[in-house]
Amino acid sequence: MALIECRFYSEVLGLSTSMTVILPEQTATQIGMQNVKRSHLNPALYLLHGLSDDDSIWIRRTSIERYVSEMGLAVVMPQVHLSFYTDMAYGRRYWTFISEELPRIARSFFPLSSARDDNFVAGLSMGGYGAFKLALSNPDQFAAAASLSGALNMANPVFRGPEWQNTSLNYTHVFGEESIEGTPNDLFWLLKQCEQSEGPKPKLYQCCGTEDFLYEDNQLFRQAAEQTNFSYTYEEGPGSHEWGYWDAKIQDVLKWLPLRNE
């Protein structure tokens with residue numbers, strides 16, 4: 001596998017930013033690794049970070065490079081700071097960046113397929129929110145999306161409450177003063193809109209540890225998703241909001257991805 005730390009300029013953000021990318025490489029003599037490269041353009045997993053992290057975190061906290069080595073799968077990990085993958089009320093246009101500009105730039109730099117059936121998105125916590133938001137907003141672009149311990153109910157008033165005021169999440173800076181319920185920033189609204197629309201639906205995978213502080217909100221989204229006609233997979237078990245859980249579950253996500261055969 002090739003590991004690329006890519007720094008580039010974003011016209012949408014108006015600044016230089018970064019993404020970390022894993023690209024398939026065919027090797028025969030690398031000890032302890034069996035790498036596979038497909039003959040056509042690489043399928044891509046856009047793998048999203050959480051609130052306190054950056055584009056390097058999946059490489060630093062998991063063995064994602066080793067896990068994908070036999071799959072012929074590229075992994076694109078972008079930097080979005082504290083944006084919640086949103087065109088911020090008081091900040092930069094990270095939704096436009098992640099949903100429009102980033103895939104275009106990544107495909108111009110690297111041999112990545114643009115076919116819907118070759119594009120997937122996953123993420124943890126804030127990134128789980130971003131993954132479902134991307135796939136439900138753009139079902140014609142992503143075949144599957146996975147949320148690991150996702151912050152899936154950002155319309156929950158608790159995130160505007162005093163217990164969150166001293167955290168890295170400044171809700172008003174991201175979403176503004178008004179409630180996001182029933183807007184394109186509300187995953188429950190997006191789920192309904194996507195279900196009612198014509199065209200393909202992304203496969204959805206959701207997991208959350210039973211000791212996670214986001215467990216109740218994940219149960220609410222599970223109940224909503226189970227009432228739809230989506231191809232939907234839910235898994236839970238012991239676990240909290242930590243990297244041991246996510247390192248294990250990303251392996252399950254990779255097995256679940258509907259990768260096309262060569």
Rounded to 10°, Cα long-axis angle of helix 243-256 versus longest principal axis of the chain: 70 degrees
The chain, helix-only ellipticity at 222 nm - DSSP H runs n ≥ 4, -39,500 (n - 2.57), divided by all residues, nearest 500: -7500 deg cm²/dmol
Other-chain or far-sequence residues with amide H under 5 Å of A2's (modelled H): L23, E25
Residue pairs, from the table K133/K203; K37/K133; K37/K255; K133/K192; K201/K249, whose Cα atoms sit over 20 Å apart: K37/K133; K201/K249
GNM top mover of P78, P157, P111 - the chain, alpha-carbon springs below 10 Å: P157
Ranking of M33, M88, M126, M154 by count of other Cβ atoms within 10 Å, fewest first: M33, M88, M154, M126
Length released on extending from R60 to E5, taking residue separation times 0.36 nm less the Cα-Cα span: 18.5 nm
Burial ordering of Y67, Y90, fewest other beta-carbon atoms within 10 Å first: Y90, Y67
Ordering of 212-222, 49-59 by burial proxy (mean other Cβ atoms within 10 Å per residue, highest first): 49-59, 212-222
In degrees, nearest ten, helix 187-196 long axis to first principal axis of the chain (Cα): 70 degrees
FRET efficiency, 1/(1 + (r/R0)^6) with R0 30 Å, evaluated for A115 and L82 via beta carbons: 0.40
In order through region 108-113: 3J(HN,Hα) via Karplus (6.51 cos²θ - 1.76 cosθ + 1.60), integer Hz, x for Gly, Pro: 6, 8, 10, x, 10, 6
Beta bridges per DSSP with both ends in the chain, % antiparallel, nearest 5: 35 percent
For A146, distant residues with modelled amide H under 5 Å away: V121, A122, G123, Y205
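None of the figures in this text is laboratory data; all of them are computed from the coordinates on show. Note that the structure is predicted; figures quoted are calculated from it, not measured. Heads up, the Cβs are rebuilt from the backbone with ideal geometry, glycines too, and the neighbour counts pull from every protein chain shown.
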